[in-house]
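Everything on this sheet refers to the single structure shown next.
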Amino acid sequence: MYQKTLDYLKEHGMVAPKIGLILGSGLGDLAEEIVNPVKIPYEQIPDFPVSTVEGHAGQLVYGSLAGQKVIALQGRFHYYEGYDLETVTYPIRIFKELGVKSLILTNAAGGVNTSFKPGDLMVISDQLNFTGENPLIGKNNSQGPRFVDMSQTYSKRGIELLHQTAKDLGFHLQEGVYAWMTGPSYETPAEIKAIRLMGGDAVGMSTVPEAIVAKHCGLEVLGVSCITNFASGMQETLNHEEVMAISKEVKPRFKQLIYQVIEQL
Ligand code: HPA
């Protein structure tokens with residue numbers, strides 16, 4: 001099923017990565033730290049989707065990071081771009097086939113929790129899916145079971161490791177529930193109120209489908225949100241430029257954190 005993609009990636013040296021990375025809006029730079037990198041633009045990879053969002057480089061990067069073999073998606077695929085969820089999560093299936101054990105999902109998100117502020121990093125402890133969509137709808141993929149246990153989507157070990165590493169680095173990490181909205185319109189203030197009432201701490205347009213598929217195929221999942229703005233209704237207006245500006249500001253801390261977590265995984 002994935003053979004053409006896998007053959008191509010292996011032929012280009014992408015062999016046995018242990019950790020998969022999906023780098024969100026403005027956070028793609030971490031892939032530049034990968035040592036002895038193999039970089040392949042998505043459009044060159046057979047059967048691979050192609051990214052369209054500004055701020056996403058759109059390439060797969062493989063190599064060593066913090067002494068571990070990693071593979072990074074520099075620029076992810078979003079549902080709002082018009083891909084179906086099987087396409088959005090295709091790279092996760094490929095990571096699994098290549099041998100990835102742990103997946104680190106990162107994103108830019110709006111802060112819903114009133115104690116969060118732009119520039120905070122948040123460990124994702126759990127997720128909310130309000131879209132009515134699920135990437136596992138359809139014939140079951142043989143990588144995993146029909147009915148997937150989501151009682152511990154984000155690994156306990158990963159959550160603890162993220163907190164401990166942030167502490168060692170001298171900054172506080174928020175923790176909370178990430179709510180997925182399809183976008184591309186930002187939420188309304190009423191939607192944000194509803195999300196807060198239902199237990200959401202941060203809101204964004206990605207990550208949840210990838211986490212579901214990662215659980216389906218048995219990967220350990222870690223998630224980090226970069227809080228780039230107060231969610232809708234909590235500040236005057238919202239725009240993508242602001243999201244990119246804040247994630248750029250947070251990038252050095254974000255990179256340190258993820259680097260040191262990878263070292264210990
Ligand atoms: N809402 C949805 N997605 C986002 C936001 C937001 O406020 N900020 C960054 N990505």
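The values are calculated or read from the model by the stated rules, or taken from the named source; none is laboratory data. Fair warning: this is a prediction, and the values are worked out from it, not measured in the lab. All Cβ positions, even for glycine, are placed from backbone atoms using ideal geometry, and neighbour counts span all protein chains on display.
Points worth noting:
- Whichever residue in region 86-105 is part of a loop (DSSP other than H, G, I, E, B) and more than 14 Å from the chain's Cα centre (by Cα) and, among such residues, is farthest from Val221 (Cα to Cα): Gly99
- Scanning region 184-196 for residues that are surrounded by fewer than 18 Cβ atoms within 10 Å (Cβ to Cβ) and closer than 22 Å to Ile92 by Cβ turns up at least one hit.
- Matching residues in region 119-144 - criterion: being under 30 Å from Arg253 (Cα atoms) and at pLDDT 95 or above: Asp120, Leu121, Met122, Val123, Ile124, Ser125, Asp126, Gln127, Leu128, Asn129
- Lone unmet requirement of (1) out of contact with any Gly (no Cβ under 7 Å at 6 or more places or on another chain); (2) in a helix (DSSP H, G or I); (3) more than 15 Å from the ligand (Cβ to nearest atom) for Ala194: (3)
- Test set (1) away from the ligand (no atom under 16 Å from the Cβ); (2) surrounded by 20 or more Cβ atoms within 10 Å (Cβ to Cβ); (3) small (Gly, Ala, Ser); (4) closer than 15 Å to Ser102 by Cβ - Gly218 fails condition number: (2)
- Matching entry among Phe95, Phe171, Phe147 (being surrounded by fewer than 17 Cβ atoms within 10 Å (Cβ to Cβ), modelled with pLDDT of 95 or more and more than 16 Å from the ligand (Cβ to nearest atom)): Phe147
- Per-region count, region 139-155, residues farther than 18 Å from Pro91 by Cα and not β-branched (Val, Ile, Thr): 10
- Qualifying residue in region 199-209 (condition: over 24 Å from Leu136 (Cα atoms), in a helix (DSSP H, G or I) and away from the ligand (no atom under 12 Å from the Cβ)): no
- Looking only at region 191-228, and only at residues there that are in contact (Cβ under 8 Å) with a residue 12 or more places away in the chain and over 18 Å from the mean Cα position of the chain (by Cα), the one that is farthest from Gly144 (Cα to Cα): Lys193
- Of all residues in region 12-28, those satisfying the criterion of being touching a residue at least 60 places away in the same chain (Cβ under 8 Å) and within 16 Å of the ligand (Cβ to nearest atom) are Ile22, Leu23, Gly24, Ser25, Gly26, Leu27.
- The listed residues are Leu161, Leu121, and the only one of them that is among the aliphatic types (A, V, I, L, M), closer than 25 Å to Gln264 by Cβ, in contact with a strand residue (DSSP E or B) (Cβ under 7 Å, 6 or more places away or on another chain) and crowded, with 16+ Cβ neighbours inside 10 Å turns out to be Leu121.
- Region 225-246 - residue that is among the hydroxyl-bearing types (Ser, Thr, Tyr) and in a loop (DSSP other than H, G, I, E, B) and, of those, nearest to Gly110 (Cα to Cα): Ser232
- Ser25 falls short on exactly one of the conditions (1) in a strand (DSSP E or B); (2) among the hydroxyl-bearing types (Ser, Thr, Tyr); (3) within 15 Å of the chain's Cα centre (by Cα), and that condition is (1).
- If you go through region 66-91 and keep only what is touching a strand residue (DSSP E or B) at 6+ places or on another chain (Cβ under 7 Å) and farther than 19 Å from Glu43 by Cβ, you end up with Gln68, Val70.
- Considered as a group, the residues in region 107-126 that are touching a Gly at 6+ places or on another chain (Cβ under 8 Å) and outside any loop (DSSP other than H, G, I, E, B) include one that is farthest from the ligand (Cβ to nearest atom), and that residue is Ser125.
- Among the residues listed as Ala231, Ala245, the single one being within 10 Å of the ligand (Cβ to nearest atom) and over 18 Å from Gln152 (Cα atoms): Ala231
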